[in-house]
Amino acid sequence: MFKKVLVAIDGSECAERAFEKALEMTPSEVMLTIIHVLQLPPMIGSKKTTEIEPFFRREARLFLVEHSNRAAAKGVKADTILIKGNPAEAILNAATSVTTDLIIIGSRGRGGIKELMLGSVSSAVVQHAKVPVLVVK
Ligand SMILES: Nc1ncnc2c1ncn2[C@@H]1O[C@H](COP(=O)(O)OP(=O)(O)OP(=O)(O)O)[C@@H](O)[C@H]1O
Ligand SMILES: [Mg+2]
C-alpha cells in the first residue's frame, strides 16, 4: 500500500474534497504531506509584492496549520510544505523530494474556466507525475 501521500491544497472546494479524501485514505502508519504553493496576486507591482509577501506567507502558514491540525485530530501524521512558485512544478518536485507514492489533488482549483474538466495544475501533475495521481472532483 501507499506509505507516503502528498495532498495539494489551494483553498478551493475541490482541493478541500481532495484533502478530506486524503484523510480518509491515510491510516495512522502513513505519512501525509500537505503542500500549498504560494502565488502572489499578479496585479501587484514588484516593489509592492515584496512588501505584501510576508502577509500572504503568514496567511498561507495559518492555512496549512489549520489543515495539519485537522489531520492530527483524525490521527493522521502530517507535515506541511509552503513554497513559492509555479504550483505544478512545485507539487511535482515535492513529490520527488519526499518520495511520495501517491499524489492527491482536486480536479479544479480557485481559478480557470469552470467548463473544463481539469485545471492547468491538475492536468500538468497528471501528465508529468512519476507516481499514481488521485484527482478528486
Ligand atoms: N497554489 C496551489 N497550491 C497547492 N495546490 C494547488 C495550487 N493550485 C492548484 N492546486 C491543486 O491543483 C488542483 C487543481 O487546480 P488547478 O489550478 O489546476 O485548477 P483551476 O484553478 O480551476 O485552473 P487554472 O489554475 O488552470 O486557472 C487544486 O484542487 C489543488 O489540489
Ligand atoms: Mg488554479
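The values are calculated or read from the model by the stated rules, or taken from the named source; none is laboratory data. From a predicted model like this one, the values you see are computed outputs, not experimental measurements. Virtual Cβ from ideal backbone geometry, glycine too; neighbours counted across all protein chains shown.
Quickly run through the range 52-78 and pick out the residues that are over 17 Å from residue 16 (Cα atoms) and either of a type outside the set (Asp, Glu) or touching a strand residue (DSSP E or B) at 6+ places or on another chain (Cβ under 7 Å) (or both).
52, 54, 55, 56, 57, 58, 75, 77
Those residues that are among the charged types (D, E, K, R) and touching a residue at least 12 places away in the same chain (Cβ under 8 Å), I need them from the range 90-129; list them, please.
We begin by selecting, within the range 90-129, every residue among the charged types (D, E, K, R); these are 101, 108, 110, 114-115.
Passing the criteria: 101, 108, 110.
Restricting attention to the range 92-136, which residues are within 14 Å of ligand 2 (Cβ to nearest atom) and at positive phi?
Residue satisfying the conditions is 112 alone.
Out of the residues in the range 113-137 meeting the condition of being small (Gly, Ala, Ser) and within 8 Å of ligand 1 (Cβ to nearest atom), tell me which one is nearest to residue 27 (Cα to Cα).
Initial filter on the range 113-137 (small (Gly, Ala, Ser)): 119-120, 122-124, 129.
Within this subset, residues satisfying the condition of being within 8 Å of ligand 1 (Cβ to nearest atom) are 119-120, 122-124.
On the way: 119: 29, 120: 30, 122: 25, 123: 27, 124: 28 Å.
If we take residues in the range 113-137 being small (Gly, Ala, Ser) and within 8 Å of ligand 1 (Cβ to nearest atom), then 122 is nearest to residue 27 (Cα to Cα).
Kindly indicate which of 41, 132, 54 is at pLDDT 95 or above and either farther than 19 Å from residue 12 by Cα or not small (Gly, Ala, Ser) (or both). Break it down into steps so the answer makes sense when it comes.
Values: 41 fails: at pLDDT 95 or above; 54 fails: at pLDDT 95 or above.
After applying the criteria, what remains is 132.
Matching residues to (1) touching a Ser or Thr at 6+ places or on another chain (Cβ under 9 Å); (2) surrounded by 15 or more Cβ atoms within 10 Å (Cβ to Cβ):
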position: 97; (1), (2): no, no
position: 101; (1), (2): no, yes
position: 109; (1), (2): yes, yes
position: 116; (1), (2): yes, no
position: 130; (1), (2): yes, no
position: 135; (1), (2): yes, yes
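Mind listing just one residue for me: the one in the range 61-112 that is small (Gly, Ala, Ser) and assigned to a strand (DSSP E or B) and, of those, nearest to residue 28 (Cα to Cα)? Outline the logic, then answer.
Applying the first criterion (small (Gly, Ala, Ser)) to the range 61-112 yields 68, 71-73, 75, 78, 85, 88, 90, 94-95, 97, 106-107, 109, 111-112.
Now restrict to residues that are assigned to a strand (DSSP E or B): 78, 106.
On the way: 78: 10, 106: 23 Å.
Only one residue tops the list, namely 78.
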